[in-house]
Each structure stands twice: as C-alpha cells, then as structure tokens.
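Engineer: Quick one: the structure is below, and I'll ask about it shortly.
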Amino acid sequence: FIDLHYLRGIVDDDSDYMQDALCTFLERTSGIFDNLVNSAQQAAWKDVYRHASLLRSSLGVVRIFPLLDVIMMIEQQARLGEDTHNILPNVHIAIKIYNDAQEVLKKEIEQMEKQKH
C-alpha cells in the first residue's frame, strides 16, 4: 500500500530526516488536496491538472501506489479534457485513499519518535 523504500534510500536511513520528510509530505499534500477538490468542483481543469501534477511529484517520493494510480488518471483526464465528469468522483476516491494512508504514515512517524527515546 505504501512503499517507503525509495524515501529511506534518499534520506540514507536517517530517521530524523525521514520523519521531517513524512511530516512535510503530509502538510503539503493536505493543502494540495484541498485545492484539487475546489478546482474540480469549479470545473477548472487546468488547475486540476496542476494540482494533480504536484501530487504526482510528491507521490514519487512517498509512494502510495493506489493513490498514485488515481492521481495519474485525474491528471490525464484534466489535461486532455476527457471524461471530466469522472474527475470529481475520482478526486473523492483519491481523498479516501489519502486519508487511509495518512493514518498509516502518522503511525510510522510515531513509531520513529518512540525509537528515539
């Protein structure tokens, strides 16, 4: 569901840096999801594309594969202007997956915090 191997390689298994990276990911992506929903509700497809692209970039580091698949679909639909009626439902699916992933990542961060002490 979530693959942190790539991120661990980037941070060279430094748990402090890993924690910072995960916290930053959660902070940034949460706001981007808010923007994505608003843009999709307003049928602002260029903005939907831009927000989906930002999310795809972040998901290249913190790899949440089911979420990445949905975001790439949203990004393509918005870019091509095709199946736009499916974008908002797909955004809601992405948010559901993200919320589940958020819980897992928060537990991961807590686990790292406990290992420090």
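The values are calculated or read from the model by the stated rules, or taken from the named source; none is laboratory data. Just so we're clear, the structure is a prediction, and the values are computed from it rather than from any experiment. Every residue, glycine as well, gets a Cβ built from its backbone with ideal geometry; the counts of neighbours run over all protein chains shown. To get the accessible areas, we keep the full protein, side chains included, count just its heavy atoms, and leave off ligands, DNA and RNA. Shrake-Rupley method; radii C 1.70, N 1.55, O 1.52, S 1.80 Å.
Engineer: Working only within segment 40-50, note down all residues that are open to solvent by less than 50 Å² (accessible area, probe 1.4 Å) and assigned to a loop (DSSP other than H, G, I, E, B).
Structural biologist: ALA44
Engineer: Here's a follow-up. Would it be correct to say that GLU82 is open to solvent by 70 Å² or more (accessible area, probe 1.4 Å) and under 19 Å from LEU26 (Cα atoms)? Step through it out loud before you land on a result.
Structural biologist: Working: open to solvent by 70 Å² or more (accessible area, probe 1.4 Å): yes; under 19 Å from LEU26 (Cα atoms): no.
It is false that GLU82 is open to solvent by 70 Å² or more (accessible area, probe 1.4 Å) and under 19 Å from LEU26 (Cα atoms).
Listed here are the residues, each with its yes/no results for (1) without any contact (Cβ under 8 Å) to a residue 24 or more places away in the chain; (2) open to solvent by 80 Å² or more (accessible area, probe 1.4 Å); (3) of a type in the set (A, V, I, L, M, F, W, C); (4) outside any helix (DSSP H, G or I).
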site: TYR17; (1), (2), (3), (4): yes, yes, no, no
site: CYS23; (1), (2), (3), (4): no, no, yes, no
site: ASN38; (1), (2), (3), (4): yes, no, no, no
site: ALA52; (1), (2), (3), (4): no, no, yes, no
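Engineer: Looking for whichever is within 21 Å of PHE1 (Cβ to Cβ), open to solvent by less than 90 Å² (accessible area, probe 1.4 Å), in a loop (DSSP other than H, G, I, E, B) and touching a residue at least 24 places away in the same chain (Cβ under 8 Å) here; the options are VAL91, VAL61, VAL104, VAL70. Which one fits?
Structural biologist: Matching residue, one of VAL91, VAL61, VAL104, VAL70: VAL61.
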